[in-house]
Amino acid sequence: MALTRDHEIWAMALWVAKHHQADGHAYIADRIATLEAEGAPGGVALWKKVEQRYSQLTGTPEPIHGQPRHMQN
């Protein structure tokens, strides 16, 4: 069985959950902000997909980027 792009994205979400646990959303937000600053729209799109999968995996809502964390709930 070949690994699909969706499998890769799920694997990235699992990696974030394993290595960053409760700080996963913050880690992903940092990756997105860094890639936005670097002008890498493909990387931003990838990490936004990872964020969706991570939210599904952990049962937590996706944060709204640019808002302070206390306003995201």
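No value in this document is a laboratory result; all are computed from the given coordinates. Predicted model, so just to flag it, every value in this text is computed and none were measured. Positions of Cβ are generated from backbone atoms using ideal geometry, with glycine treated the same way; all protein chains shown enter the neighbour counts.
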What does the net charge come to around Ile9 if you take all other residues with beta carbon closer than 11 Å to its beta carbon, with K and R at +1 and D and E at -1?
+1
Take the Cα of Gln52, step 7 Å along the line toward its Cβ, and report every residue of region 23-39 whose backbone nitrogen sits under 11 Å from that point.
none
Please get the size of the charge dipole for the chain, origin at its Cα centre, with Cβ charges of +1 on Lys and Arg and -1 on Asp and Glu, quoted in debye to the nearest 20.
140
Looking at the square roots a ≥ b ≥ c of the eigenvalues of the Cα gyration tensor of the chain, which shape do they give, rounded for a/c under 1.5, prolate if a/b is larger than b/c, or oblate?
oblate
